[in-house]
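The values are calculated or read from the model by the stated rules, or taken from the named source; none is laboratory data. As the structure is a computational prediction, the values presented were derived from the model and not from experiment. A quick note on method: Cβ atoms are made from the backbone with ideal geometry, for glycine too, and the neighbour counts reach across all protein chains shown.
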Amino acid sequence: MSFGRARRYTQFVSPAVIAFAFDPVLRLGDLEFRVQTVVLAGIILAALLLTARIGRLTPQDSPYVPPPTLRPDDIPFLVLGIVPGAVIGGRLEYVLLHADYYAANPTAIVDPAQGSLALGLAVLGGMLGGIAIARLVGAPADRWMHAATLPVLFVLAAGKLVSVLTAEGQGLPSDLPWATAYTGPGPWGSLAPDVPSHPSQVYEAIATTIVLTFLGLALRLGAFARRDGSALLVAVVLWAIGRGIVAVTWRDAAVLGPLNAEQLILIAVVVACGVALVVLARRRVAEPAGSSGPRTELSWPSPESRPRF
């Protein structure tokens, strides 16, 4: 969407009821920080602490999970896989979303100062990176995936809500009572931020919170007792569906029928996670009869006996 096109919308859209005019930059002397960056750092730290806390809990009533708790010192190693995986996946998606530009400027693909990251493949890439490092250091990837289910959804929901502080993710122009506009000097993350628009980032935060609440209740009621990572896969599927629905309000142009490029990528994410869920289901069916009791042999080292790195 060009700036000129965005300006033409102002002729047809009434002023937003919700208008923001704050400064999105935090200044400490000569130092400047985006408020979003500071808040996101706190959200990620809280998610890591929550993951460590959940990982230390031992489900005494589950016949599928070995009694030792997970080791919190696995988390730094997992982060070493999650962050690069998310960056690579997010950059790959961003390149796909802007394929015409990067086809003409291939050297810009690896230029960190140009462009940005996208979220759909970043989630999938981060998950794959964490699994790869977990296998490398001998950590139980499936149980850590289970422990990370709610924290991941928390980061996705809170991160989208924080986008309100920078106007990132503003949707199509709208005259709805809850349309938002940014009248301050910025810098803002959306094109023509003063145009009243759908707060798509808030929509996505609400959709992700609904998924978080649903899975939180399901886990509380004993769902996913095997803790084999299927809870995180289901979480990503539901999150991708919610994001795909919200993407209807985005400014992105359709590329295949009514679907925009992000929706097509989210469909691929759903399919990939669905295939993984089918593989896990078949693995459970293929387990020998009588294996529903407590496991005596583990496919991963005991957290107490595994050497420290």
**Report entry** Looking only at region 41-55, and only at residues there that are among the small types (Gly, Ala, Ser) and buried (at least 16 other Cβ atoms within 10 Å of the Cβ), the one that is nearest to Lys160 (Cα to Cα)
**Finding:** Ala47
**Report entry** Single residue of Val152, Val211, Val195 found to be part of a helix (DSSP H, G or I) and in contact (Cβ under 8 Å) with a residue 60 or more places away in the chain
**Finding:** Val152
Query raised in the report: Taking region 214-224 as the search range and keeping residues that are aliphatic (A, V, I, L, M) and assigned to a helix (DSSP H, G or I), which one is nearest to Pro151 (Cα to Cα)?
Result: Leu215
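Which residue is surrounded by the most Cβ atoms within 10 Å (Cβ to Cβ), if the candidates are limited to region 251-286 and must be under 20 Å from the mean Cα position of the chain (by Cα) and not in a helix (DSSP H, G or I)?
Taking region 251-286 first, the residues under 20 Å from the mean Cα position of the chain (by Cα) are 252, 260-277.
Imposing the further condition that a residue be not in a helix (DSSP H, G or I) reduces the set to 252, 260.
Working: Asp252: 16, Asn260: 19.
Among those residues, the one meeting the criterion is Asn260.
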Report summary line: When region 131-179 is checked residue by residue, the ones that are of a type in the set (Gly, Ala, Ser) and under 26 Å from Val248 (Cβ atoms) are Ala157, Ala158, Gly159, Ser163, Ala167, Gly169, Gly171, Ser174, Ala179
Report summary line: With the first residue restricted to region 177-191 and required to be more than 13 Å from Ala19 (Cα to Cα), and the second required to be among the hydrophobic types (A, V, I, L, M, F, W, C) and modelled with pLDDT under 85, Cβ contacts under 7 Å at 6 or more apart or on different chains are Leu191/Met1; Leu191/Phe3; Leu191/Ala6
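Residues that are part of a helix (DSSP H, G or I), surrounded by fewer than 22 Cβ atoms within 10 Å (Cβ to Cβ) and small (Gly, Ala, Ser): does region 70-88 have at least one? Give the steps one after another, and end with the answer.
Step one: list which residues in region 70-88 are part of a helix (DSSP H, G or I), which gives 72-88.
Restricting the remaining residues to those that are surrounded by fewer than 22 Cβ atoms within 10 Å (Cβ to Cβ) gives 72-73, 75-77, 79-80, 83-84, 87-88.
Keeping just the survivors that are small (Gly, Ala, Ser) gives none.
No, because not a single residue in region 70-88 is part of a helix (DSSP H, G or I), surrounded by fewer than 22 Cβ atoms within 10 Å (Cβ to Cβ) and small (Gly, Ala, Ser).
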Query raised in the report: Among (1) among the β-branched types (Val, Ile, Thr); (2) surrounded by 15 or more Cβ atoms within 10 Å (Cβ to Cβ); (3) at pLDDT 85 or above, which single condition is Val38 missing?
Result: (2)
Query raised in the report: Within region 109-137, how many residues turn out to be surrounded by fewer than 22 Cβ atoms within 10 Å (Cβ to Cβ) and not hydrophobic (A, V, I, L, M, F, W, C)?
Result: 6
Report task. Within region 181-196, identify whether any single residue is buried (at least 22 other Cβ atoms within 10 Å of the Cβ) and closer than 19 Å to Ala122 by Cα, and answer yes or no. Result -> no
Report summary line: Looking across region 1-16 at residues that are hydrophobic (A, V, I, L, M, F, W, C) and outside any loop (DSSP other than H, G, I, E, B), the single one that is modelled with the highest pLDDT is Ala6
Query raised in the report: Taking region 138-180, which residues are surrounded by fewer than 20 Cβ atoms within 10 Å (Cβ to Cβ) and over 21 Å from the mean Cα position of the chain (by Cα)?
Result: Gly138, Leu172, Asp175, Leu176, Pro177, Trp178
Query - Single residue of Arg143, Arg135, Arg227 found to be part of a loop (DSSP other than H, G, I, E, B), closer than 25 Å to Val279 by Cβ and not aromatic (Phe, Trp, Tyr) - result: Arg227
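Please indicate, with yes or no, whether at least one residue in region 272-279 is within 23 Å of Leu161 (Cα to Cα) and not hydroxyl-bearing (Ser, Thr, Tyr).
No, that holds for no residue.
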Query raised in the report: Taking Ala19 and the conditions (1) in a helix (DSSP H, G or I); (2) surrounded by 14 or more Cβ atoms within 10 Å (Cβ to Cβ); (3) at pLDDT 85 or above, which numbered condition does it fall short on, given that it satisfies the others?
Result: (1)
